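The values are calculated or read from the model by the stated rules, or taken from the named source; none is laboratory data. None of the values given here were measured: they were computed from a predicted structure. Cβ coordinates were reconstructed from backbone atoms using ideal geometry, including for glycine residues, and neighbour counts include every protein chain displayed. Only protein heavy atoms, including side chains, enter the accessible area calculation; ligands, DNA and RNA are left aside. Shrake-Rupley method; radii C 1.70, N 1.55, O 1.52, S 1.80 Å.
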Amino acid sequence: MAIDQQKLERFLGIAVNDLGAAISALLLHIGDKLGLYKAMADAGPLTPKQLAQKTGTAERYVREWLANQAAGGYVTYDAGQGTFTLSEEQAFCLANEESPAFLPGGFETLTAVFASEPKLTAAFRSGEGVGWHEHDPRLFSGTERFFRPGYNAHLVSSWIPALDGVEDKLRRGAKVADVGCGYGASTRVMASAFPNSKFFGFDYHGPSIEHARRIAAEARLSGITFEPAGAKDFPGGDYDFVTFFDCLHDMGDPVGAARHVRQALKGDGTVMLVEPFAGNCLEDNLTPVGRVYYGFSTSVCTPASLSQEVGLALGAQAGEARLRDLMKEAGFTRFRRATATPFNLVLEVRP
């Protein structure tokens, strides 16, 4: 067997880079939990001892953590001074939870997925699913922290305005269902922006609904209600606007969920379907973003769907054409891409 040495070295470089990224993902999560990035933001150059003192942590651990972060380009090291600095750009992504580029939530979800490895390995063998509720709770909090910055940045400013007539309805006063709302970040963003409308957040996961209620109460948001309910049986009708944020592909029976929405929606109502950005073919998605989404699809989204009735297992990279076919099968006749970001498709669906 002939080995091409150059090809071997290139592949080993890829693998070593991934190994470093994987262990660094754990350390990023630890740094986030301990407040190390927030302590470094706007603090200028710091020694390991100074950072440890600012955060109430042990200097020896902090010194090794900083070395890892410098090697990965997540902090900047000054060899002459022996100090470490978090640049404005790095802080924008690692320390500012209101930033549209805030990343630690995504790394938090990784810790939950790694904790689920035994269940996922068994599922590969059996073909059975792993329910959303069966994962480590950091999946729920991390998912909210990962998606919330994007909702804050785009939902009211560009996604809703891209829909035909929806913004005007919401300003006047509309009835809205946010299906699969999780911790309710998307629901809260809309309720804050459109106080004349009534918002109902639904999710089958009881602990997420309890969390959503608590946060809404702390924020003193009126016109917002959270109830535990599935996508195929959430209560009420005559909704002007129904939203799915990054969740339809997780459902066992997305066609059934869409049919229920069709029945609950007013004749002139609108559905906003927000899904992970994807092309229609596998080769279109062999990108860094596609790699991330296929990874979470394998470990979270597909197992969640397989754990439910029907178990369609749409996957997080279904693509626009497949989603269009699904909504037409559910009885909708109008479907268009309203807008998009590098991470999301925003689709407008109407009866």
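Some points to look at:
- Any hit, the stretch 248-259, residues being part of a strand (DSSP E or B), surrounded by 19 or more Cβ atoms within 10 Å (Cβ to Cβ) and touching a Phe, Trp or Tyr at 6+ places or on another chain (Cβ under 9 Å): no
- Scan of the stretch 169-209 for residues that are surrounded by fewer than 24 Cβ atoms within 10 Å (Cβ to Cβ) and part of a loop (DSSP other than H, G, I, E, B), ordered by number: GLY173, ALA174, PHE194, PRO195, ASN196, SER197, TYR204, HIS205
- VAL242 surrounded by fewer than 21 Cβ atoms within 10 Å (Cβ to Cβ) and of a type outside the set (S, T, N, Q): no
- Scanning the stretch 52-62 for residues that are of a type in the set (S, T, N, Q) and either crowded, with 18+ Cβ neighbours inside 10 Å or not in a helix (DSSP H, G or I) (or both) yields one hit, THR57.
- When every residue of the stretch 283-297 is checked against the conditions, at least one turns out to be in a helix (DSSP H, G or I) and of a type in the set (Lys, Arg).
- Selection from the stretch 301-323 of residues that are assigned to a helix (DSSP H, G or I), open to solvent by 30 Å² or more (accessible area, probe 1.4 Å) and under 30 Å from HIS135 (Cα atoms): THR302, LEU306, ARG322
- If you check THR109, THR121 for being without any contact (Cβ under 8 Å) to a residue 12 or more places away in the chain, within 30 Å of GLY180 (Cβ to Cβ) and either part of a helix (DSSP H, G or I) or touching a helix residue (DSSP H, G or I) at 6+ places or on another chain (Cβ under 8 Å) (or both), only one passes: THR121.
- TYR37 falls short on exactly one of the conditions (1) surrounded by fewer than 17 Cβ atoms within 10 Å (Cβ to Cβ); (2) in a helix (DSSP H, G or I); (3) out of contact with any Phe, Trp or Tyr (no Cβ under 7 Å at 6 or more places or on another chain), and that condition is (1).
- Applying a threshold of 6 Å to beta carbon distances and a minimum spacing of six or more residues, or different chains, the list of pairs starting in the stretch 29-40 at a residue that is of a type in the set (A, V, I, L, M, F, W, C) and ending at one that is surrounded by fewer than 21 Cβ atoms within 10 Å (Cβ to Cβ) reads LEU34/THR55; LEU34/THR57; LEU36/THR55; ALA39/LYS54; ALA39/THR55.
Table: residues versus (1) open to solvent by less than 20 Å² (accessible area, probe 1.4 Å); (2) not in a loop (DSSP other than H, G, I, E, B).
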position: LYS49; (1), (2): no, yes
position: GLU64; (1), (2): no, yes
position: ALA70; (1), (2): no, yes
position: PHE84; (1), (2): yes, yes
position: CYS93; (1), (2): no, yes
position: SER99; (1), (2): yes, no
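- Annotation note: of LEU12, LEU28, LEU8, the sole residue that is of a type outside the set (Ser, Thr, Tyr), part of a helix (DSSP H, G or I) and closer than 26 Å to ALA79 by Cβ is LEU28.
- Subset of the stretch 76-106 [polar (S, T, N, Q), touching a residue at least 40 places away in the same chain (Cβ under 8 Å) and more than 23 Å from SER141 (Cβ to Cβ)]: THR85
- Any pair with Cβ under 7 angstrom, 6 or more apart, that starts in the stretch 156-176 at a residue that is free of Cβ contacts under 8 Å to residues at least 40 places away in the same chain and ends at one that is open to solvent by less than 10 Å² (accessible area, probe 1.4 Å) and assigned to a helix (DSSP H, G or I): GLU167/ILE160
- GLU218 falls short of the stated requirement of being under 22 Å from the mean Cα position of the chain (by Cα) and either closer than 19 Å to GLY184 by Cβ or of a type in the set (D, E, K, R) (or both).
- Condition met for GLU227 (under 17 Å from CYS181 (Cβ atoms), assigned to a helix (DSSP H, G or I) and without any contact (Cβ under 8 Å) to a residue 40 or more places away in the chain): no
- One residue from ARG337, ARG291 being free of Cβ contacts under 8 Å to residues at least 24 places away in the same chain and within 26 Å of SER157 (Cα to Cα): ARG337
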